[in-house]
Amino acid sequence: MKIAVVEGDGIGKEVIPVAVKVLEHYVPDAEYLEVEVGYGKWEKTGRGCDEGDIETMREADAVIFGAITTPPDPNYKSVMLKIRHDLGLYANIRPVRGNGFKITVVRENSEGLYSGIEDIGSERSTTLRVVTREASERIAVCACDILKRDFEGGTLTIGNKANVMKSDVLFRDTCMKVAESMGIPYRTAYIDSLTFDALQNPGRYDVIVTTNMFGDILSDALGHVAGGLGMLPSANIGADNSLFEPVHGSAPDIAGRGIANPVAAIRSAGMLLEHVAGIGCEQEIEMAISGAVSSGAGTPDLGGNSGTELFGKEILKRLEKR
Ligand code: IPM
Ligand code: MG
């Protein structure tokens, strides 16, 4: 198995090495291909990511990815969006766990307000929000499959703003049709009140499917009930490729201090192992994380006083004992 490793910038460089140790624990024979993309690369070469980097990621069985800092260049195009586009990663799967609940946000990852179709002027700027039946169907099927697999007896929530935007009527109705045809119980909810309610009563939700930017905002907001942004992993899935990354960014404010929480990166590695190698390590990883946290070995955001490396070692030690 070939795994492309992109540390990226900021705390990506601190949390990804810990995630790689977890990968090495489960798949010791895997080959790791280091890929440099991001701000650091842009400073050296004027480009955040080149075709060779994309090719390496494409040829690998999976990518583990840290985070990228946006360079201060007005013409800069997001490297992350380029990678998602070029590798066809149409589904962004973001599990959120907390005390007694688990919600999986299934975010459409290829269009919506991230279409990249923009007309920028000094007096008027527009960004085109694109919703297609094809992409809506594809993401709805993905959400229904996850519900069937991981949430027995659960309900699909279709997050939308169809009361205001006609483009979301197409999204909502397409998701409803898919759920009906797959025999999945569903409800629809406006994304604003849904976000508030999910923060108050996370136990009411199972899988939430929504469009690209709503999913971006909703997943960060849910970090609040999951113990912080440092806890949220994600999987970017396509037909031929997959990329696994923490939901958090490169966090320049704490980068270089060795205190970043590696849990999001470790959980992302767990999702990679499950998706690419069929290794069901989720429970084991969760036990190792909670064991390390209860022993007081967490990072400061979790109330502990360990650094990234020590917390990672404590988690790994528990995995090795099992
Ligand atoms: C995320 C990030 C990205 C997004 C950025 C870095 C392009 O916020 O993965 O949630 O908006 O999708
Ligand atoms: Mg985001």
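Does the chain come out rounded, prolate or oblate by the C-alpha gyration tensor, with a ≥ b ≥ c the root eigenvalues, rounded set by a/c under 1.5 and, if not, prolate when a/b is larger than b/c and oblate if not? Let's see the in-between values first.
Values: a/c = 1.57, a/b = 1.18, b/c = 1.33.
It is oblate, given that a/c is not under 1.5 and a/b is not larger than b/c.
Pairs exceeding 28 Å between alpha-carbon atoms, taken from Lys102/Lys321; Lys82/Lys148; Lys148/Lys317; Lys2/Lys41: Lys82/Lys148; Lys148/Lys317.
Working from Cα pairs under 8 Å separated by at least six residues, relative contact order for segment 94-227 is 36 percent. The label-point distance for Ser294 and Glu55, in a model that sets each label 7 Å from Cα toward Cβ, rounds to 5.1 nm.
Under a 5 Å amide H cut-off, with hydrogens placed 1.01 Å from N, Ala260 pairs with Thr308 among residues at least 5 apart or on other chains.
Sites listed here are trypsin sites (Lys or Arg not before Pro) in segment 71-122 whose DSSP assignment is loop and whose Cβ has at most 16 other Cβ atoms within 10 Å: Lys77.
Expressed in nm to one decimal, what extension gain is obtained for the pair Asp240 and Arg257 from 0.36 nm per residue of sequence separation less their Cα-Cα distance? All intermediate terms of the calculation are to be shown ahead of the outcome.
On the way: separation 17, 0.36 × 17 = 6.12 nm, distance 3.68 nm.
Here the segment from Asp240 to Arg257 would lengthen by 2.4 nm.
Given R0 = 51 Å, the distance between the Cβ atoms of Asn99 and Glu36 translates into a calculated FRET efficiency of 0.85.
Projecting label points 7 angstrom from Cα along Cα→Cβ for Asp301 and Asp197 puts them 2.9 nm apart. Report the relative contact order of the chain, percent, no decimals, based on alpha-carbon pairs under 8 angstrom and at least 6 residues apart. RCO, the chain: 21 percent. Based on the Stokes-Einstein relation at 10 °C and a viscosity of 1.306 mPa s, and on the Kirkwood radius from alpha carbon pairs, segment 94-227 is assigned a translational diffusion coefficient of 105 µm²/s. Net charge within 14 Å of Pro202 by Cβ-Cβ distance, Lys/Arg positive one each and Asp/Glu negative one each, not counting Pro202 itself? In short, +2. Evaluate the distance, in nm, between pseudo-label points positioned 7 Å from the Cα of Lys321 and of Asp29 along their respective Cα→Cβ axes. Distance between label points: 3.0 nm.
Positive-end ranking of Ile117, Ser294, Leu87 along the dipole of the chain, with charges on Cβ about the Cα centre, is headed by Ser294.
Segment 25-55 and segment 74-98 have their alpha-carbon centroids 15 Å apart. Annotation: amide H-H contacts under 5 Å for Phe244 (H modelled 1.01 Å from N, sequence separation of 5 or more, or interchain): Val63, Ile64, Phe65, Asn236.
FYI, it's all coordinate maths here, none of it is from the lab. The model shown is predicted, which means the values in this text are computed figures rather than measured ones. So basically every Cβ, Gly included, is an ideal-geometry build from the backbone, and we count neighbours across all protein chains shown.
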